[in-house]
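Could you have a look at this structure, given as structure tokens, before my questions?
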Amino acid sequence: MRKTVIAGNWKMFKDLKESEELLQGVKAQAASAPSSVTVVVCPPFTSLSLAGSLLKGSPVKLGAQNMSEHDEGAFTGEISWKMLKSTGCEYVILGHSERRQYYGETDAKINLKAKKALANGLLPIICVGETLKEREGGITEQIVTTQIKGVLDGISAPDMERVTIAYEPVWAIGTGKNATPAQAQEVHAQIRGLISKLFSKSLADKVVIQYGGSVKPDNAAELLAQTDIDGALVGGACLKADSFAGIFKSAKKK
Ligand code: PGA
């Protein structure tokens, strides 16, 4: 019933030439992706315009990795929703743990960005997740609950239908150590339960919740088979067309 959404977060990799090569590879592979899967690529800002042109007419969707909470103005180095839309972006990743950790993004700021994206027709992929210390301290659910409540504050039910949540345990990002399918499923079910409480069960049943953190072709199928895991946000393994395709082709219809 929910679509599987596999998004590739390129982070700060790939110049224009390298981007073109990867985009062509993903585009070719996506032609044989299962019909229940939506494939999204999120290149760096400098490659978005090129990606928008290369992906025109292809089923591969385009996303950005961040966005300003402002419309426009004297905000040196920032990128607005309007700029993103003009390149063909439909999605935008917000509140990635690297943005939280290195650039001080808070739930309140991520919430402003999410509202700005939704008000202007972009689909936010909002990231949440606990650190290793928090998991070991037994407070994963508490942390994720606080994050979800903060980032979704004031978002209406119709807007919530266009939000994707990415659960990304910080300790699993770029470490090669993924959460086990059972660990991930447990938190995904808690997130869906919370969305059900904050909005409604029927809405919670529609929301796509992705898992992220060391997703690879060889662990994707098992993760994606879990009841409440509706996709993946992929870092390292999306930088080669073959390994990214290995992930989106391993999603079975549920
Ligand atoms: P990873 O990154 O797949 O390299 O762990 C995931 C992410 O940061 O979204």
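Quick one: is residue 41 of a type in the set (A, V, I, L, M, F, W, C), open to solvent by 10 Å² or more (accessible area, probe 1.4 Å) and under 18 Å from the mean Cα position of the chain (by Cα)?
Values: of a type in the set (A, V, I, L, M, F, W, C): yes; open to solvent by 10 Å² or more (accessible area, probe 1.4 Å): no; under 18 Å from the mean Cα position of the chain (by Cα): yes.
Here the answer is no, as residue 41 does not meet what is asked.
Determine, yes or no, whether residue 53 is among the polar types (S, T, N, Q), in contact with a Ser or Thr (Cβ under 6 Å, 6 or more places away or on another chain) and modelled with pLDDT of 95 or more.
Spelling it out, it is not the case that residue 53 is among the polar types (S, T, N, Q), in contact with a Ser or Thr (Cβ under 6 Å, 6 or more places away or on another chain) and modelled with pLDDT of 95 or more.
Looking at the range 221-254, which of the residues that are surrounded by 24 or more Cβ atoms within 10 Å (Cβ to Cβ) and small (Gly, Ala, Ser) is nearest to the chain's Cα centre (by Cα)?
Ranking the qualifying residues of the range 221-254, first place goes to 232.
Quick check on my filter: what residues within the range 9-28 are within 20 Å of residue 250 (Cβ to Cβ) and open to solvent by 40 Å² or more (accessible area, probe 1.4 Å)?
Selection gives 27, 28.
What number of residues in the range 223-249 are assigned to a helix (DSSP H, G or I) and within 12 Å of the ligand (Cβ to nearest atom)?
Within the range 223-249, residues that are assigned to a helix (DSSP H, G or I) and within 12 Å of the ligand (Cβ to nearest atom) number 7.
Being surrounded by fewer than 22 Cβ atoms within 10 Å (Cβ to Cβ), among the small types (Gly, Ala, Ser) and closer than 20 Å to residue 206 by Cα is the filter here, so list the residues in the range 127-177 that pass it.
154, 156, 157
Considering each residue of the range 206-222, count those that are in contact with a Ser or Thr (Cβ under 8 Å, 6 or more places away or on another chain) and more than 16 Å from the ligand (Cβ to nearest atom), and give that number.
Going through the range 206-222 one residue at a time, the tally reaches 1.
Being open to solvent by 30 Å² or more (accessible area, probe 1.4 Å), in a helix (DSSP H, G or I) and away from the ligand (no atom under 16 Å from the Cβ) is the filter here, so list the residues in the range 88-115 that pass it.
Within the range 88-115, 107, 108, 109, 112, 115 meet the criteria.
Still on this structure, please answer the following. Could you list, in sequence order, all residues of the range 1-35 that are under 13 Å from residue 242 (Cβ atoms) and modelled with pLDDT under 95?
Correct list: 32 only.
While we're on this one: So, in the range 45-75, how many residues would count as being in contact with a Phe, Trp or Tyr (Cβ under 7 Å, 6 or more places away or on another chain) and either assigned to a helix (DSSP H, G or I) or in contact (Cβ under 8 Å) with a residue 60 or more places away in the chain (or both)?
Summing the residues that are in contact with a Phe, Trp or Tyr (Cβ under 7 Å, 6 or more places away or on another chain) and either assigned to a helix (DSSP H, G or I) or in contact (Cβ under 8 Å) with a residue 60 or more places away in the chain (or both) in the range 45-75 gives 1.
The values are calculated or read from the model by the stated rules, or taken from the named source; none is laboratory data. Just so it is clear, the model here is predicted, and its values are computed rather than measured. Here Cβ is always computed from backbone atoms with ideal geometry, including for glycine, and neighbour counts include all displayed protein chains. Surface areas here come from the heavy atoms of the whole protein model, side chains and all, with no ligands, DNA or RNA. Shrake-Rupley method; radii C 1.70, N 1.55, O 1.52, S 1.80 Å.
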